[in-house]
1. Taking the alpha-carbon centroid of each part, what is the distance from region 53-71 to region 129-172 in angstrom?
2. Under 16 Å from a label point 7 Å along Cα→Cβ of VAL129: give me every residue in region 1-41 with its amide N that close.
3. Using square roots of five times the C-alpha gyration tensor eigenvalues, list the equivalent-ellipsoid semi-axes of region 125-179 in whole Å, biggest first.
4. Any idea how far apart PHE149 and GLU59 come out in nm if each label point goes 7 Å out from Cα toward Cβ?
5. Give the residue list of GluC sites (Glu not before Pro) in region 75-179 that are DSSP loop and have at most 10 other beta-carbon atoms within 10 angstrom.
6. Please state, rounded to one decimal and in Å, the Kirkwood hydrodynamic radius that the chain gives when every pair of distinct Cα atoms enters the mean of 1/r.
7. For region 149-159, in order, what is each residue's ³J(HN,Hα) by Karplus, 6.51 cos²θ - 1.76 cosθ + 1.60 with θ = phi - 60°, in whole Hz (x at glycine and Pro)?
8. Counting each DSSP H run of 4 or more residues in the chain as -39500 (n - 2.57), what helix-only mean residue ellipticity at 222 nm follows after dividing by all residues, to the nearest 500 deg cm²/dmol?
Amino acid sequence: MIVIMAGGRSSRMGREKPVLKVGGVPMLLRVHREAEKVGETVVAISKSTPKTRELCLREGIPFVETPGNGYVEDVKWLLREFEPFISVSADLPFVKANDIARISGAFDGKTSLTGVLPLKLVPKDLKPVVYRGYVIVGLNAVGTEGERFFELRNPLLALNVNTPEELKLAERIAGLVGR
């Protein structure tokens, strides 16, 4: 099962991120199109994302409403509902099916995999979250027994759209790469 995390408050953006467009397409639809190529996909929404709910209903995308008490709490709730799953953030507009397939293929159903990028792959103008020499990306496998890093190779995964500036950057990149 692939779960697209789309229930956050979007406090840094100031509006619901999953419905914001990159390259003329809502980010949620961009992510969903790639995820469904890999496997069964559901969108996790919350009371904080009514426009995302509307988009899912309009597009016929399956969704589940989480309690919306925060990312970690929602992941725990989803783990109880679905057991181990692949998690991808709705604000990763350049995630590709092969990124999702790679982490899914490496997942043993038990040990959580945190998707990371080596710093050398990250474009210099991005300011991603760095931990232990890696950029943490919003693509993970959620299990119940420990955790380890899983290296990905798509440098555009470093662009997690959280702010208006990052949205503008994503628009520029979409114009350049034609996606």
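Nothing in this text is a laboratory measurement; each read-out follows from the coordinates by a stated rule. Note that the structure is a prediction, hence the values are computed from the model and not measured. Every residue, glycine as well, gets a Cβ built from its backbone with ideal geometry; the counts of neighbours run over all protein chains shown.
1. Here the answer is 22 Å between Cα centres.
2. 5-13
3. 25, 12, 11
4. 3.2
5. Here the sparse-neighbourhood loop sites are GLU145.
6. 16.2
7. Values per residue, Gly and Pro as x: 6, 10, 6, 10, 10, 7, x, 6, 5, 5, 8 Hz.
8. -9500 deg cm²/dmol
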